[in-house]
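Have a look at the structure below, then the notes.
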Amino acid sequence: MGDGMVMRADAFGGAPVPVLVLDCTPFPDIREAIRVAEYEPDGDVKSVWGTGGGRVGLLIELIRPAPTSFLIDFDLATQGILPELAMGTGLIEIKAGHPQSTFKSTFKESGMYVEVPSREDFTPWPAVFVKALMEQARRGGAKTVDARRAAEKTYEYISSVANARMRGGTESPSEAVH
């Protein structure tokens, strides 16, 4: 999975939206759903966050126009900013890629926007993220008190990025996909 973030004053209320580039080589149904979304942008989706073992998963069920379902698995220690951004805006953009794809290599290709539950819908989220960051710092040799302080500061910074808005954004992120 490659990843990145887009932020535009004239779209999504100026909010940062994470872009996930998925290796769709073994999953042609996901690639097809992204292709169909280019021509039929309105659709129905169900999505839910789950967590365990320092990871967070996003289960996405596309209902229409191209039905499929898949799970995106994030390692919180290395990719935690992505679900934080997604929960902050309630959106992700998914692009079809292959094993060597990057955000840069797929930047001009079309993608599919998917609404996802926000932080408020995933109440243990901040504690889950801070715990994963703290465990990473402990594995790196930090004392517990120092690891907690660093994890909380890191989460505070990442959360500030997720809550940033470009000036001139006129609609909320979720209104922009309708």
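If you filter segment 6-28 down to residues that are surrounded by fewer than 17 Cβ atoms within 10 Å (Cβ to Cβ) and of a type in the set (A, V, I, L, M, F, W, C), you find that the one that is farthest from residue 84 (Cα to Cα) is 27.
The residue of segment 34-68 that is surrounded by the most Cβ atoms within 10 Å (Cβ to Cβ), among those that are assigned to a strand (DSSP E or B) and aliphatic (A, V, I, L, M), is 56. Of the residues making up segment 7-48, those that are hydrophobic (A, V, I, L, M, F, W, C), modelled with pLDDT under 85 and touching a helix residue (DSSP H, G or I) at 6+ places or on another chain (Cβ under 9 Å) are 7, 11, 12. Residues that are among the aromatic types (Phe, Trp, Tyr) and assigned to a helix (DSSP H, G or I) are absent from segment 69-76. The residues of segment 151-163 that are surrounded by fewer than 17 Cβ atoms within 10 Å (Cβ to Cβ) and not β-branched (Val, Ile, Thr), listed by number, are 152, 153, 156, 157, 160, 163. For segment 130-148, the criterion of being in contact with a strand residue (DSSP E or B) (Cβ under 9 Å, 6 or more places away or on another chain), of a type outside the set (Val, Ile, Thr) and farther than 18 Å from residue 7 by Cβ is met by at least one residue. Beta carbons closer than 6 Å, at least 6 apart along the sequence or on distinct chains, pair a first residue in segment 148-169 that is under 16 Å from residue 16 (Cα atoms) with a second that is open to solvent by 40 Å² or more (accessible area, probe 1.4 Å) and outside any helix (DSSP H, G or I) for 166/7. Taken together, 147, 137, 96, 142 contain a single residue that is open to solvent by less than 70 Å² (accessible area, probe 1.4 Å), modelled with pLDDT of 90 or more, part of a loop (DSSP other than H, G, I, E, B) and among the aliphatic types (A, V, I, L, M), which is 142.
Counting the residues of segment 42-54 that are of a type outside the set (Asp, Glu) and touching a residue at least 60 places away in the same chain (Cβ under 8 Å) gives 6.
Annotation: residue 31 fulfils all but one of (1) surrounded by 16 or more Cβ atoms within 10 Å (Cβ to Cβ); (2) in contact with a Leu (Cβ under 8 Å, 6 or more places away or on another chain); the unmet one is (2). Take the residues in segment 99-126 that are small (Gly, Ala, Ser) and modelled with pLDDT under 90, then tell me which one is surrounded by the most Cβ atoms within 10 Å (Cβ to Cβ). For segment 99-126, the residue satisfying everything is 101.
The values are calculated or read from the model by the stated rules, or taken from the named source; none is laboratory data. If you're wondering where the values come from, they're calculated on a predicted model, not measured in any experiment. Cβ sites come from the backbone with ideal geometry, for glycine too, and all protein chains shown count toward neighbours. Accessible surface is based on the protein model in full, side chains and every heavy atom, while ligands, DNA and RNA are left aside. Shrake-Rupley method; radii C 1.70, N 1.55, O 1.52, S 1.80 Å.
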